[in-house]
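Everything on this sheet refers to the single structure shown next.
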Amino acid sequence: MPAEAMKQPSRAHRRRPVHRGLIVLVGFVLASGLAVALIHWAGGRDQVLAELLGDPMASRSQPGTSLITADDITTSRRGVIFNKPRSTQVLRSFAPRGQSAAKLYQQLAASAEASGWRLQRSPNGSQGTKRFSFGTATISIGINTLVSPTQVAVVLEPA
């Protein structure tokens with residue numbers, strides 16, 4: 001075999017490194033794009049929760065009550081139970097001490113209105129809305145008599 005033929009690789013041999021390099025490059029570009037999309041998507045969810053947590057009703061401490069529940073839930077495609085999707089939510093639940101649940105409900109509803117929430121009131125619960133940079137959010141304030149002690153729950157979530 002001539003020495004020249006041994007120095008030059010065949011055409012098939014020359015293409016393989018180019019194909020591998022191209023595949024690696026395309027894979028890197030796709031992975032980078034996916035990472036950027038996931039960061040953007042997750043950042044949007046975190047922004048909604050951060051804004052809701054910044055609302056005075058999320059950090060409300062009410063004199064004469066015990067804070068029973070303080071849950072901050074981010075959006076997820078699969079919930080813990082039955083794989084149902086979960087939306088972003090801020091939940092606060094208070095148990096009255098030395099006052100009635102109805103009086104506590106009235107105080108929390110008045111605080112929500114003072115914080116800019118537009119409420120539709122009823123004797124045992126209220127629903128309302130407020131504008132944020134992400135859009136409209138809803139608030140629910142209600143008396144829960146199914147638990148002991150009776151509690152008043154405040155739930156904030158995007159509409």
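Readers should treat all values here as calculations from the given coordinates under stated rules, not as data from a laboratory. Just so we're clear, the structure is a prediction, and the values are computed from it rather than from any experiment. Quick reminder, even Gly has a Cβ in these numbers, built from the backbone with ideal geometry, and neighbours come from all protein chains shown.
Based only on other Cβ atoms within 10 Å, what is the fewest-to-most ordering of Val152, Val90? Walk me through the intermediate numbers first.
Working: Val152 27, Val90 23.
In increasing order of surrounding Cβ atoms, one gets Val90, Val152.
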Next item on the list: Search the structure for amide H atoms under 5 Å from the amide H of Met57, placed 1.01 Å from N in the peptide plane, and list their residues when 5 or more places away or on another chain.
Entry: none
Next item on the list: Determine, from the Cβ-Cβ distance of Ala50 and Thr145 and an R0 of 30 Å, the FRET efficiency 1/(1 + (r/R0)^6), rounded to the nearest 0.05.
Entry: 0.35
Checklist line | Sequence-distant residues sharing a close amide H with Thr75 (under 5 Å, placed H) | finding: Thr88
Notebook entry, point to check: In nm, what is the difference between 0.36 nm times the number of residues separating Asn124 and Ser100 and their Cα-Cα distance?
Noted result: 7.4 nm
Next item on the list: For segment 122-132, take each phi angle, set θ = phi - 60°, evaluate the Karplus expression 6.51 cos²θ - 1.76 cosθ + 1.60, and give the result in whole Hz per residue in order, putting x for glycine and proline.
Entry: 9, x, 10, x, 9, 10, x, 9, 7, 8, 10
Notebook entry, point to check: Could you give me the ³J(HN,Hα) list for segment 57-65, computed from phi with Karplus coefficients 6.51, -1.76, 1.60 and θ = phi - 60°, whole Hz, x at Gly and Pro?
Noted result: 6, 6, 10, 5, 10, 10, x, x, 9
Next item on the list: Rounded to whole Hz and in sequence order, give me ³J(HN,Hα) for segment 138-152 from the Karplus expression 6.51 cos²θ - 1.76 cosθ + 1.60, θ = phi - 60°, writing x for Gly and Pro.
Entry: 10, 10, 10, 10, x, 8, 9, 8, 7, 10, 10, x, 4, 10, 10
